[in-house]
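Let me begin by presenting the structure, written as structure tokens, before commenting on it.
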Amino acid sequence: MHGANAIHTWRWRLPCGLMRTMFRPVSLYVGLRYTRAKRRNHFISFISLTSILGLTLGVMVLIVVLSVMNGFDRELQRRILGMVPQASVVGYQPFSNWRDLVAQADRHPQVEGAAPFIQLQGLLSNKGAVDSAFVSGIHPDFESQVSILPQHLESGSLQELQPGSFNIILGSALARKLGLVIGDKVTLVLPEAAVTPAGIIPRFKRFNLVGTFRVGAELDGMVGFVHLEDAARLARIKGKVEGVRLKVKDLFQAGRVAWDLASQQDQQFYATDWTRTHGTLFQAIKMEKTMMALLLLLIVAVAAFNIVSSLVMVVTDKKSDIAILRTLGASPGTITGIFMVQGSFIGVLGTLAGTGLGVLVALNISDFALWLEQVLHTKLFEQYFVNYLPSELRWGNVLFVSGMGFLMSFLATLYPARKAARVQPAEALRYE
């Protein structure tokens, strides 16, 4: 009788324990208990740990790499689109009432600045050294509103570009290729020929080098600036300009803004913007960033696959427990939920840790790179157009990476959880 009473007591003790968990989801309760329990199989615990670490590493690396690529994209936009026209309103013929057009552009809500320009293309020559160049005629009082040129001058200033002085400011790389230093004279040769009593000769003019600039891009080796009136004399359009360049608030609205202004003029004007001149470059950067994100997502996918292998081993190890739960009335859905909770907990833990570390590293990687350069006494990025490691953390990227980590972790739990739900109690308890 004593043995019968013991069996009777055991038969009712476990259901009463389950009854105490009815006020909370059974799957959540048991699943979290499994994650906290010390496993007898240390190999399974090791696989679970590597799954968490792999997911943490994948999420962190993806956030950091996207932030660094965003930083380089930002610097490229600032430096190139800060020097070349973001948008332009250009006349089919040179025009003289450019101040009216500038004033009208300044009143546009999407325009941050406007400045006149004349574009010349020719050859620069000095002591036998010759190189092609794009020389822009600018007005020093307006140029600072649309260009980052004043902030990147290595020597000289825009105010030295005075009308009639025929002074010129060149990119540092271009000046170096021509062997020029401040105060030297350089000859600008234009492709248009001039008819003289001596015959047809190309037009040329000697300029004084008064300054150099460096933005760290290819523009350093191909661009120069002279005063607007000096350029007009060379182009034989004295008192006129070719167009007005604009700086806009939203780069992706540049074309529309330029077209709005061009369509409001009495003369015939056409609009152009940066997407026509440098659009392919930024499209290539965008595609490269997308492909890099997809490749790095494979690290997250591998970590999620580790969750699959870990849970499959747990299911094999816990077959007897699953069988006992099934005999006590747990449904296949409850068993599925238990292991989905356990796998999702691993995924959530790894993703949150990776997100936190990724955000922390992305916010401090520029300072770390600078510290590393000081320790190694070398410049790691001197040969690139950006001489430091930029980083720009975008919370949209963080949400995307975290969401993908959560999603892959959840999907990784489906197969092991379904496998656990198909465990037959009789088969599992046969040799227990």
Selected residue (criterion: farthest from residue 81 (Cα to Cα)) from residues of region 274-288 that are at pLDDT 80 or above and surrounded by 15 or more Cβ atoms within 10 Å (Cβ to Cβ): 275
The one condition in (1) surrounded by 21 or more Cβ atoms within 10 Å (Cβ to Cβ); (2) closer than 28 Å to residue 399 by Cβ that residue 271 fails to fulfil: (2)
Where residue 124 falls short, out of the listed (1) surrounded by fewer than 20 Cβ atoms within 10 Å (Cβ to Cβ); (2) touching a helix residue (DSSP H, G or I) at 6+ places or on another chain (Cβ under 8 Å); (3) part of a strand (DSSP E or B): (1)
Set 68, 89, 130, 64: member being assigned to a strand (DSSP E or B) and more than 22 Å from residue 239 (Cβ to Cβ): 130
Criterion: surrounded by 18 or more Cβ atoms within 10 Å (Cβ to Cβ), among the hydrophobic types (A, V, I, L, M, F, W, C) and either under 24 Å from the mean Cα position of the chain (by Cα) or outside the structural domain of residue 141 (by TED's automatic domain parsing) (or both) - qualifying residue of 59, 90, 111: 59
For residue 139: the one exception among (1) more than 16 Å from residue 221 (Cβ to Cβ); (2) touching a Ser or Thr at 6+ places or on another chain (Cβ under 9 Å); (3) surrounded by 17 or more Cβ atoms within 10 Å (Cβ to Cβ): (2)
Verdict on residue 272 being in contact with a Ser or Thr (Cβ under 6 Å, 6 or more places away or on another chain) and farther than 24 Å from residue 56 by Cβ: yes
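The values are calculated or read from the model by the stated rules, or taken from the named source; none is laboratory data. Owing to the predicted nature of the structure, the values given are computational and were not obtained by experimental measurement. Note that each Cβ is placed from the backbone with ideal geometry, even for glycine, and that neighbours are counted across all protein chains shown.
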